[in-house]
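Notes to accompany the following structure.
The values are calculated or read from the model by the stated rules, or taken from the named source; none is laboratory data. Since the structure is predicted, the reported quantities are computational estimates derived from the model, not experimental observations. Here the Cβ positions follow ideal geometry from the backbone for every residue, glycine too, while neighbour counts run over all protein chains shown. What goes into the accessible areas is simple: the full protein's heavy atoms, side chains included, and nothing from ligands, DNA or RNA. Shrake-Rupley method; radii C 1.70, N 1.55, O 1.52, S 1.80 Å.
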Amino acid sequence: MMKKRPKHWVYTEMVLMFLGLLLAIYNGKTWESPTVLFSILTVIFLFRAVERKIFNQKTEFWLNAGMAVIFLILGVIPLL
């Protein structure tokens, strides 16, 4: 059975996404590094995957974990 997420989890996710957006904009204006951009997205999707695992949302867990792995791979490719 799926647990109901407390409001502080929802607000933490929203703040993390907003800070990720601001950092992505700053990255685009100054560093222009795809690795930094994909690292930001990896952290966001990893947080969401852990949150979904805690609250037993299996489908969303696998979606977010898969997206985190994709962004991790895309972040590593420019470093090779």
Take the Cα radius of gyration of the chain and divide it by 2.2 N^0.38 Å, with N its residue count; two decimals is plenty.
1.20
Give a residue-ordered list of calculated ³J(HN,Hα) values for the stretch 22-28 (Karplus: 6.51 cos²θ - 1.76 cosθ + 1.60, θ = phi - 60°; whole Hz; x for Gly, Pro).
4, 5, 5, 5, 4, 4, x
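Taking a probe of 1.4 Å, how large is the accessible area per residue of the chain, in Å²?
Details: 5800 Å² over 80 residues.
Here the residues of the chain average 73 Å² of exposed surface.
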Considering only protein heavy atoms, what is the solvent-accessible area of Thr59 at a probe of 1.4 Å, reported in Å² to the nearest 10?
120
Compare the Cα positions of Leu72, Met17, Val50 along the charge dipole of the chain (+1 at Cβ of Lys, Arg; -1 at Cβ of Asp, Glu; about the Cα centre) and return the one farthest towards the positive end.
Val50
Here FRET efficiency (C-beta to C-beta, Thr35 to Val10, R₀ 30 Å, nearest 0.05) is 0.55
Assign unit charges at the C-beta atoms only (+1 for Lys and Arg, -1 for Asp and Glu), then state the dipole size of the chain relative to its Cα centre in Debye, rounded to the nearest 20.
440
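Given the Cα-Cα distance of Met1 and Ile77 and 0.36 nm per residue of separation, how much length would full extension add, in nm?
Numbers: separation 76, 0.36 × 76 = 27.36 nm, distance 3.90 nm.
23.5 nm is the gain from fully extending Met1 to Ile77.
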Leaving out ligands, DNA and RNA but keeping every protein chain, what accessible area does Ile44 have, in Å² rounded to the nearest 10, with a 1.4 Å probe?
20
